[in-house]
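Here is the structure we will look at, set down as structure tokens.
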Amino acid sequence: MPLQQEKEHYTYADFCTWDDDERWELIDGVPYAMAPPSRFHQSICINLCGQLWQFLKGKPCEVYSSPIGVRLNADSTDDTVLQPDIVVVCDHSKLDAAGIIGAPDMVVEILSPSTARRDRLDKLLEYQKAGVREYWIVDPETRTLSAHVLENGKYTIFAYGDEGTAPVRVLEGCEIILTEVFKHVE
């Protein structure tokens, strides 16, 4: 993908032609470059993904960490491809060799200074519209987590600090130990 946009609207077909050495997301046909994550971002990602993986061992749902492409509207305009930090998928028909087609059951985005606004606004609306049942936003700076749970087509928000546990509502019996998630964040 050149530094300057050549078109006003891109699709997944365009996305597949871009340089693999660069990370991009596509939201409603608009490309966004992704900066490399910080060490704290990666620590949170590994700690959270590890707990989810441990819980899901031997269960039908699967957890994936970035980079993995999620095509939220592949059956229509196919102009939104996101690369969430963590996804949980329970419907294996949504998995293909390239990534995930349709709404995962759970998505986690860990905020970075360059993506915080997009994660809190644009992606939240995209995930809600696509039917992602649970969307977590983790803020390394404030050491907080907001869990957005889909109820009647809209997200209800549950807020957590860096202590105690947070239930994963789409995975019955799964509770994330927050002190472990934020363990190496200073």
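The values are calculated or read from the model by the stated rules, or taken from the named source; none is laboratory data. Bear in mind that the values here come from a model prediction, so they are computed numbers and not experimental data. Every residue, glycine as well, gets a Cβ built from its backbone with ideal geometry; the counts of neighbours run over all protein chains shown.
Data overview
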item: Of all residues making up the stretch 166-178, the number that are small (Gly, Ala, Ser), farther than 16 Å from Val138 by Cβ and surrounded by 16 or more Cβ atoms within 10 Å (Cβ to Cβ); result: 0
item: Residue match in the stretch 12-29 (condition: surrounded by 15 or more Cβ atoms within 10 Å (Cβ to Cβ), under 21 Å from Thr165 (Cα atoms), of a type in the set (A, V, I, L, M) and in contact (Cβ under 8 Å) with a residue 24 or more places away in the chain); result: no
item: Residue in the stretch 68-83 that is within 20 Å of Leu150 (Cβ to Cβ) and within 11 Å of the chain's Cα centre (by Cα) present; result: yes
item: Hits in the stretch 79-93 (condition: buried (at least 18 other Cβ atoms within 10 Å of the Cβ) and more than 24 Å from Ala35 (Cβ to Cβ)); result: Val88, Val89
item: Hits in the stretch 124-175 - residues which are among the β-branched types (Val, Ile, Thr) and either in contact (Cβ under 8 Å) with a residue 60 or more places away in the chain or assigned to a loop (DSSP other than H, G, I, E, B) (or both); result: Val132, Val138, Thr142, Val168, Val170
item: Subset of the stretch 28-64 (residues that are touching a strand residue (DSSP E or B) at 6+ places or on another chain (Cβ under 6 Å), farther than 19 Å from Leu178 by Cβ, modelled with pLDDT of 95 or more and not hydroxyl-bearing (Ser, Thr, Tyr)); result: Cys61, Glu62
item: In the stretch 66-78, the residues that are under 18 Å from Arg133 (Cβ atoms) and crowded, with 21+ Cβ neighbours inside 10 Å; result: Val70, Arg71, Leu72
item: Which listed residue is in contact with a Ser or Thr (Cβ under 7 Å, 6 or more places away or on another chain), over 22 Å from Phe40 (Cα atoms) and of a type outside the set (Val, Ile, Thr), from Asp85, Asp96, Asp78, Asp91; result: Asp78
item: Count of the stretch 65-123 residues which are at pLDDT below 95, small (Gly, Ala, Ser) and part of a helix (DSSP H, G or I); result: 1
item: Among the candidates Glu186, Glu163, Glu151, residue that is among the acidic types (Asp, Glu), modelled with pLDDT under 95, surrounded by fewer than 21 Cβ atoms within 10 Å (Cβ to Cβ) and out of contact with any Ser or Thr (no Cβ under 9 Å at 6 or more places or on another chain); result: Glu186
item: Yes/no for Arg71 being within 29 Å of Gly164 (Cα to Cα) and in contact (Cβ under 8 Å) with a residue 40 or more places away in the chain; result: no
